[in-house]
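Trainee: Provided herewith is a single structure, encoded as structure tokens, for subsequent inquiry.
The values are calculated or read from the model by the stated rules, or taken from the named source; none is laboratory data. Only a predicted model underlies this, so the values are computations on that prediction, with no experimental measurement involved. Note that we place each Cβ from the backbone using ideal geometry, even for glycine, and neighbour counts take in every protein chain shown. To get the accessible areas, we keep the full protein, side chains included, count just its heavy atoms, and leave off ligands, DNA and RNA. Shrake-Rupley method; radii C 1.70, N 1.55, O 1.52, S 1.80 Å.
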Amino acid sequence: MNIQDLAKKPFDELTDEEMELLAQYERRAYQREYMRKWRAKNPEQDALNRKRSRARQAQKRLQEGRA
């Protein structure tokens, strides 16, 4: 069952697992929106963070290649 189906289901018919899935989706949606706004306000820091992240990923790939 996808998230749209769960959202249409009456609240009192949701199981605990379905409620948790909806809550996780809400948290991820909120965080995505928050980060989108933050990136719009802080483009220089966002670029620096992305550059650092790519460097860490490249370093990790190098280490895994040697191991």
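Trainee: For the range 55-65, indicate whether the set of residues that are modelled with pLDDT of 90 or more and either in contact with a helix residue (DSSP H, G or I) (Cβ under 8 Å, 6 or more places away or on another chain) or among the β-branched types (Val, Ile, Thr) (or both) is non-empty.
Mentor: no
Trainee: List the number of the failed condition for residue 9; all other conditions in (1) under 21 Å from the mean Cα position of the chain (by Cα); (2) surrounded by 10 or more Cβ atoms within 10 Å (Cβ to Cβ) hold.
Mentor: It is condition (1) that residue 9 fails.
Yes/no matrix, rows are residues, columns are (1) aliphatic (A, V, I, L, M); (2) open to solvent by 100 Å² or more (accessible area, probe 1.4 Å); (3) assigned to a helix (DSSP H, G or I); (4) out of contact with any strand residue (DSSP E or B) (no Cβ under 8 Å at 6 or more places or on another chain):
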residue	(1), (2), (3), (4)
1	yes, yes, no, yes
4	no, yes, yes, yes
21	yes, no, yes, yes
28	no, yes, yes, yes
32	no, yes, yes, yes
36	no, yes, yes, yes
46	no, no, yes, yes
50	no, yes, yes, yes
56	no, yes, yes, yes
